[in-house]
Amino acid sequence: MATLLLLRHGRTTANADGGLAGRQPVELDETGRAQATAVGERLRGVPLAAVVTSPLIRCRQTLDLALPEAEPVVEEGLIECGYGSWEGQPLKNLAKEPLWPVVQQHPSAAVFPEGESMAAMSARAVAAVRSWDARISAEHGPEAVWLACSHGDVIKAIVADALGVHLDLFQRIVADPASVTAIRYTPLRPFLVRLNDTGGDLTGLVPPPRKRRRRATRAVDSDAAVGGGAGAAR
(Lines give C-alpha, C1' and ligand atoms only; values in the text may rest on other atoms or scores of the structure.)
Protein backbone atom coordinates (compact mmCIF):
# COMPACT_ATOMS: atom_id res chain seq x y z
CA MET A 1 0.00 0.00 0.00
CA ALA A 2 0.96 3.65 -0.24
CA THR A 3 2.99 5.55 2.38
CA LEU A 4 1.22 8.24 4.39
CA LEU A 5 3.22 11.19 5.72
CA LEU A 6 1.41 12.96 8.56
CA LEU A 7 2.65 16.53 8.92
CA ARG A 8 1.69 18.62 11.92
CA HIS A 9 1.39 22.34 11.22
CA GLY A 10 4.14 24.67 12.41
CA ARG A 11 4.07 26.50 15.72
CA THR A 12 1.27 29.01 16.15
CA THR A 13 0.73 32.07 18.28
CA ALA A 14 -1.49 29.93 20.54
CA ASN A 15 1.24 27.30 20.93
CA ALA A 16 3.67 30.02 21.95
CA ASP A 17 1.23 31.61 24.42
CA GLY A 18 0.13 28.35 26.03
CA GLY A 19 -3.45 28.52 24.80
CA LEU A 20 -5.79 25.92 23.36
CA ALA A 21 -6.44 27.04 19.79
CA GLY A 22 -8.95 24.39 18.79
CA ARG A 23 -10.73 25.44 15.61
CA GLN A 24 -10.00 29.14 16.02
CA PRO A 25 -8.23 30.82 13.06
CA VAL A 26 -4.86 31.17 14.77
CA GLU A 27 -1.90 31.57 12.45
CA LEU A 28 1.74 30.51 12.39
CA ASP A 29 4.16 32.66 14.33
CA GLU A 30 7.66 33.46 13.12
CA THR A 31 9.03 30.19 14.50
CA GLY A 32 6.22 28.26 12.86
CA ARG A 33 6.88 29.83 9.48
CA ALA A 34 10.55 28.92 9.76
CA GLN A 35 9.59 25.35 10.71
CA ALA A 36 7.30 25.07 7.70
CA THR A 37 10.01 26.30 5.36
CA ALA A 38 12.51 23.85 6.86
CA VAL A 39 10.20 20.84 6.51
CA GLY A 40 9.67 21.85 2.90
CA GLU A 41 13.39 21.46 2.32
CA ARG A 42 13.24 18.01 3.88
CA LEU A 43 10.33 17.05 1.64
CA ARG A 44 12.15 18.14 -1.49
CA GLY A 45 12.86 15.03 -3.53
CA VAL A 46 9.85 13.15 -2.13
CA PRO A 47 7.35 12.64 -4.98
CA LEU A 48 3.90 13.21 -3.48
CA ALA A 49 0.94 11.62 -5.22
CA ALA A 50 -1.47 13.83 -3.24
CA VAL A 51 -1.53 16.46 -0.51
CA VAL A 52 -4.57 16.81 1.74
CA THR A 53 -5.11 19.17 4.64
CA SER A 54 -7.25 20.20 7.54
CA PRO A 55 -9.28 23.26 6.56
CA LEU A 56 -7.78 25.41 9.34
CA ILE A 57 -5.53 28.27 8.29
CA ARG A 58 -2.47 27.14 10.25
CA CYS A 59 -2.31 23.95 8.20
CA ARG A 60 -2.85 25.78 4.92
CA GLN A 61 -0.13 28.30 5.83
CA THR A 62 2.24 25.44 6.64
CA LEU A 63 1.68 23.87 3.23
CA ASP A 64 1.94 27.21 1.42
CA LEU A 65 5.46 27.56 2.83
CA ALA A 66 6.53 23.92 2.74
CA LEU A 67 5.05 22.89 -0.61
CA PRO A 68 4.28 26.07 -2.55
CA GLU A 69 3.73 24.19 -5.82
CA ALA A 70 1.26 21.70 -4.33
CA GLU A 71 -2.51 21.96 -4.68
CA PRO A 72 -3.80 20.66 -1.33
CA VAL A 73 -7.26 19.17 -1.10
CA VAL A 74 -9.22 20.10 2.02
CA GLU A 75 -10.34 17.12 4.07
CA GLU A 76 -12.82 17.98 6.83
CA GLY A 77 -12.02 14.72 8.62
CA LEU A 78 -8.57 16.10 9.47
CA ILE A 79 -9.82 19.20 11.31
CA GLU A 80 -8.76 19.75 14.91
CA CYS A 81 -10.85 18.24 17.68
CA GLY A 82 -13.82 20.43 18.56
CA TYR A 83 -12.92 21.60 22.06
CA GLY A 84 -16.11 23.64 22.41
CA SER A 85 -16.04 26.20 25.21
CA TRP A 86 -12.45 25.23 26.03
CA GLU A 87 -11.17 26.87 22.85
CA GLY A 88 -9.10 29.99 23.33
CA GLN A 89 -8.49 29.39 27.03
CA PRO A 90 -5.04 29.12 28.65
CA LEU A 91 -3.97 25.55 29.27
CA LYS A 92 -2.94 26.45 32.83
CA ASN A 93 -6.58 27.34 33.57
CA LEU A 94 -8.00 24.29 31.82
CA ALA A 95 -5.70 22.05 33.88
CA LYS A 96 -7.84 22.96 36.90
CA GLU A 97 -11.06 21.71 35.29
CA PRO A 98 -12.53 18.36 36.45
CA LEU A 99 -12.49 17.16 32.84
CA TRP A 100 -8.73 17.67 32.50
CA PRO A 101 -7.58 14.40 34.15
CA VAL A 102 -10.17 12.54 32.07
CA VAL A 103 -8.67 14.01 28.90
CA GLN A 104 -5.20 12.97 30.05
CA GLN A 105 -5.92 9.51 31.48
CA HIS A 106 -9.21 8.31 29.95
CA PRO A 107 -9.60 10.34 26.72
CA SER A 108 -11.97 7.84 25.15
CA ALA A 109 -14.56 9.05 27.67
CA ALA A 110 -13.84 12.77 27.24
CA VAL A 111 -16.57 14.95 25.72
CA PHE A 112 -15.76 18.65 25.59
CA PRO A 113 -18.46 21.06 26.75
CA GLU A 114 -20.36 22.31 23.70
CA GLY A 115 -17.84 20.40 21.60
CA GLU A 116 -16.76 17.03 20.26
CA SER A 117 -15.79 13.81 21.98
CA MET A 118 -12.23 12.58 21.54
CA ALA A 119 -13.58 9.21 20.43
CA ALA A 120 -15.53 10.89 17.62
CA MET A 121 -12.44 12.87 16.59
CA SER A 122 -10.40 9.67 16.42
CA ALA A 123 -13.02 7.79 14.43
CA ARG A 124 -13.50 10.43 11.73
CA ALA A 125 -9.76 11.14 11.39
CA VAL A 126 -8.85 7.46 11.06
CA ALA A 127 -11.67 6.91 8.57
CA ALA A 128 -10.46 9.88 6.51
CA VAL A 129 -6.83 8.76 6.20
CA ARG A 130 -7.70 5.12 5.55
CA SER A 131 -10.13 6.14 2.80
CA TRP A 132 -7.57 8.44 1.18
CA ASP A 133 -4.85 5.81 1.47
CA ALA A 134 -6.96 3.17 -0.25
CA ARG A 135 -7.87 5.59 -3.04
CA ILE A 136 -4.27 6.70 -3.62
CA SER A 137 -3.00 3.12 -3.57
CA ALA A 138 -5.60 2.15 -6.17
CA GLU A 139 -4.83 5.13 -8.41
CA HIS A 140 -1.05 5.43 -8.05
CA GLY A 141 0.15 2.02 -6.91
CA PRO A 142 1.80 0.68 -3.75
CA GLU A 143 4.94 2.82 -4.18
CA ALA A 144 2.95 6.07 -3.91
CA VAL A 145 3.67 8.57 -1.12
CA TRP A 146 1.08 11.11 -0.01
CA LEU A 147 0.91 13.75 2.70
CA ALA A 148 -1.78 14.87 5.13
CA CYS A 149 -1.35 18.05 7.20
CA SER A 150 -3.26 18.09 10.47
CA HIS A 151 -3.09 18.71 14.22
CA GLY A 152 -1.40 17.19 17.25
CA ASP A 153 -4.29 15.29 18.82
CA VAL A 154 -5.57 14.17 15.43
CA ILE A 155 -2.17 12.78 14.42
CA LYS A 156 -1.74 11.07 17.79
CA ALA A 157 -5.13 9.39 17.39
CA ILE A 158 -4.22 8.13 13.91
CA VAL A 159 -0.92 6.77 15.23
CA ALA A 160 -2.67 5.01 18.12
CA ASP A 161 -4.97 3.29 15.63
CA ALA A 162 -1.99 2.26 13.48
CA LEU A 163 -0.25 0.78 16.52
CA GLY A 164 -3.40 -1.07 17.55
CA VAL A 165 -3.48 0.59 20.97
CA HIS A 166 -6.50 1.96 22.79
CA LEU A 167 -7.26 5.66 22.51
CA ASP A 168 -6.70 5.90 26.27
CA LEU A 169 -2.97 5.44 25.55
CA PHE A 170 -2.69 8.12 22.88
CA GLN A 171 -1.40 10.78 25.28
CA ARG A 172 1.85 8.78 25.41
CA ILE A 173 2.46 9.67 21.75
CA VAL A 174 4.20 12.92 20.76
CA ALA A 175 3.62 14.93 17.58
CA ASP A 176 5.59 18.18 17.71
CA PRO A 177 4.92 21.18 15.46
CA ALA A 178 6.20 20.58 11.90
CA SER A 179 7.02 16.95 12.69
CA VAL A 180 6.56 14.14 10.16
CA THR A 181 5.13 10.73 11.01
CA ALA A 182 5.00 7.94 8.42
CA ILE A 183 2.52 5.05 8.28
CA ARG A 184 2.09 2.26 5.75
CA TYR A 185 -1.22 0.42 5.74
CA THR A 186 -1.36 -3.14 4.44
CA PRO A 187 -4.29 -5.56 4.09
CA LEU A 188 -3.26 -7.27 7.33
CA ARG A 189 -1.88 -4.48 9.54
CA PRO A 190 -0.43 -0.96 9.48
CA PHE A 191 3.25 -0.24 10.09
CA LEU A 192 4.49 2.86 11.91
CA VAL A 193 7.60 3.65 9.87
CA ARG A 194 8.61 6.92 11.53
CA LEU A 195 7.27 8.98 14.44
CA ASN A 196 7.63 12.68 15.33
CA ASP A 197 10.57 13.18 12.98
CA THR A 198 11.77 16.78 13.09
CA GLY A 199 15.12 16.59 11.34
CA GLY A 200 15.88 13.45 9.37
CA ASP A 201 16.17 12.74 5.65
CA LEU A 202 12.69 12.01 4.32
CA THR A 203 13.68 10.65 0.92
CA GLY A 204 14.38 7.30 2.58
CA LEU A 205 10.63 6.93 3.13
CA VAL A 206 10.01 6.53 -0.60
CA PRO A 207 9.51 2.78 -1.18
CA PRO A 208 11.77 1.19 -3.82
CA PRO A 209 10.08 -0.13 -6.96
CA ARG A 210 8.44 -3.46 -6.30
CA LYS A 211 10.34 -6.42 -7.69
CA ARG A 212 8.59 -9.30 -9.38
CA ARG A 213 8.50 -12.39 -7.18
CA ARG A 214 7.63 -15.94 -7.96
CA ARG A 215 4.05 -16.77 -7.08
CA ALA A 216 5.05 -19.23 -4.34
CA THR A 217 6.82 -16.55 -2.30
CA ARG A 218 4.53 -13.55 -2.72
CA ALA A 219 2.23 -14.23 0.22
CA VAL A 220 5.14 -14.87 2.58
CA ASP A 221 7.24 -11.90 1.55
CA SER A 222 4.63 -9.14 1.23
CA ASP A 223 4.19 -8.31 4.92
CA ALA A 224 7.87 -8.67 5.77
CA ALA A 225 8.93 -6.33 2.96
CA VAL A 226 6.64 -3.60 4.20
CA GLY A 227 7.64 -4.08 7.82
CA GLY A 228 11.32 -3.68 7.06
CA GLY A 229 12.85 -7.13 7.05
CA ALA A 230 12.40 -10.81 7.67
CA GLY A 231 12.24 -10.24 11.42
CA ALA A 232 8.92 -8.48 10.99
CA ALA A 233 7.34 -11.66 9.69
CA ARG A 234 8.23 -13.73 12.73
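Just how far, in whole angstrom, is the range 159-208 from the range 38-62 if you go by their alpha carbon centroids? A separation of 16 Å, based on Cα centres.
Expressed as an acute angle from 0 to 90° and rounded to the nearest 10, what is the orientation of the C-alpha long axis of helix 57-66 relative to the principal long axis of the chain? Orientation of helix 57-66: about 40 degrees from the principal axis. When the alpha-carbon atoms of the range 79-154 are used, the pair Rg, Dmax equals 16.0, 49 angstrom. Between the Cα long axis of helix 215-227 and the first principal axis of the chain there is an angle of about 30°, rounded to the nearest 10. If R0 is taken as 30 Å, the Cβ-Cβ distance between Val165 and Arg135 corresponds to a FRET efficiency of 0.70. Note on the chain: GNM, Cα springs under 10 Å; of Leu43, Leu167, Leu188, the largest mean-square fluctuation is that of Leu188. Remark on Val145: its backbone amide H falls under 5 Å from those of Thr3, Ala49, a criterion applied only to residues 5 or more positions apart or on other chains, H modelled at 1.01 Å from N. Computed from backbone phi with θ = phi - 60° and the Karplus coefficients 6.51, -1.76 and 1.60, the 3J(HN,Hα) list for the range 127-144 is 4, 5, 6, 5, 5, 4, 5, 5, 5, 5, 4, 5, 8, 10, x, x, 8, 5 Hz; x is used for glycine and proline. Rolling a 1.4 Å probe across the protein heavy atoms gives the range 3-198 an accessible surface of 44 Å² per residue. The Cβ shell under 11 Å around Leu163 holds other residues with a net charge of +2, Lys and Arg each +1, Asp and Glu each -1. Say we join alpha carbon atoms closer than 10 Å with springs in a Gaussian network model of the chain; which of Pro98, Pro190, Pro177 then has the biggest fluctuation? Top of the fluctuation ranking is Pro98. A crude spin-label estimate for the pair Ala49 and Val174, with each label 7 Å from Cα along the Cβ direction, gives 3.2 nm. Label zone (Gln105, point 7 Å along Cα-to-C-beta; backbone nitrogen cut-off 19 Å) within the range 149-177: 166-173. Spin-label point model (7 Å from Cα, Cβ direction): what's the Glu41 to Asn196 distance in nm? If labels sit at Glu41 and Asn196, their model points lie 2.4 nm apart. Of Gly82, Gly45, Gly19, the residue with the greatest mean-square motion in the GNM of the chain, using alpha carbon springs below 10 Å, is Gly45. Relative to the current alpha-carbon distance between Glu114 and Ala16, full extension at 0.36 nm per residue lengthens the span by 32.7 nm.
Can you give the angle from 0 to 90° between the axis of helix 152-163 and the longest principal axis of the chain, with both taken from C-alpha atoms, to the nearest 10? Approximately 40 degrees, to the nearest 10.
Whenever you get a sec, compute what percent of the accessible area on the chain sits on carbon and sulfur atoms (1.4 Å probe).
Values: 5960 of 11490 Å².
Carbon-and-sulfur percentage of accessible area, whole number: 52.
Around Pro68, what is the net charge, scoring Lys/Arg as +1 and Asp/Glu as -1 over all other residues with Cβ under 13 Å from its Cβ?
Details: positive: Arg33, Arg44, Arg60; negative: Glu41, Asp64, Glu69, Glu71.
Summing Lys and Arg as +1 and Asp and Glu as -1 gives -1.
The values are calculated or read from the model by the stated rules, or taken from the named source; none is laboratory data. It should be emphasised that the depicted structure is a prediction, and the values quoted were computed from it without experimental measurement. Cβ atoms come from the backbone with ideal geometry, glycine included; neighbour counts cover every protein chain shown. Please note that ligands, DNA and RNA were not included when accessible areas were found on the heavy atoms of the full protein model with its side chains. Shrake-Rupley method; radii C 1.70, N 1.55, O 1.52, S 1.80 Å.
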